[in-house]
Amino acid sequence: ARPLGEWLRQRREELGISLEQAEVETRIRRRYLEALETEDLNSLPDPFVGRGLLRNCAAYLGLDAAQVAGRHTEIGAPRH
């Protein structure tokens with residue numbers, strides 16, 4: 001399976017959605033969207049907020065939020 005961040009980025013690009021558009025439509029800051037796409041989980045506010053951002057991003061992209069959350073758990077919680 002491809003990495004979680006790559007999956008998110010590729011899906012966004014397949015839909016023709018820019019990071020700027022995603023930021024406006026999801027109300028998730030671009031830097032957090034970029035952190036999700038690069039799997040830089042330490043750049044997210046905290047693990048709980050990060051998981052919520054990930055679920056919202058997944059739903060926005062039409063992905064199965066539970067499956068995405070499961071992949072998030074596989075790559076590990078951020079270390080703060």
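The values are calculated or read from the model by the stated rules, or taken from the named source; none is laboratory data. Predicted, not measured: the structure shown is a model, and the values here were computed from it. Cβ coordinates were reconstructed from backbone atoms using ideal geometry, including for glycine residues, and neighbour counts include every protein chain displayed. The protein model used for the area step is the full one, side chains on, heavy atoms only, and it has no ligands, DNA or RNA in it. Shrake-Rupley method; radii C 1.70, N 1.55, O 1.52, S 1.80 Å.
In table form, for the structure just shown:
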| read-out | value |
| --- | --- |
| Condition met for T73 (under 11 Å from the mean Cα position of the chain (by Cα) and open to solvent by 60 Å² or more (accessible area, probe 1.4 Å)) | no |
| Every residue from the stretch 1-28 that is charged (D, E, K, R) and part of a loop (DSSP other than H, G, I, E, B) | R2, R27 |
| Failed criterion for P78 (all others in (1) in a helix (DSSP H, G or I); (2) modelled with pLDDT under 95 hold) | (1) |
| Scan of the stretch 19-34 for residues that are more than 17 Å from L63 (Cβ to Cβ), loosely packed, with under 12 Cβ neighbours inside 10 Å and not β-branched (V, I, T), ordered by number | E20, R27 |
| All positions within the stretch 29-50 that are assigned to a helix (DSSP H, G or I) and closer than 18 Å to R11 by Cβ | R30, Y32, L33, E34, A35, L36, E37 |
| Residue, most open to solvent (accessible area, probe 1.4 Å), within the stretch 1-16, restricted to residues that are more than 16 Å from L54 (Cα to Cα) and touching a residue at least 12 places away in the same chain (Cβ under 8 Å) | A1 |
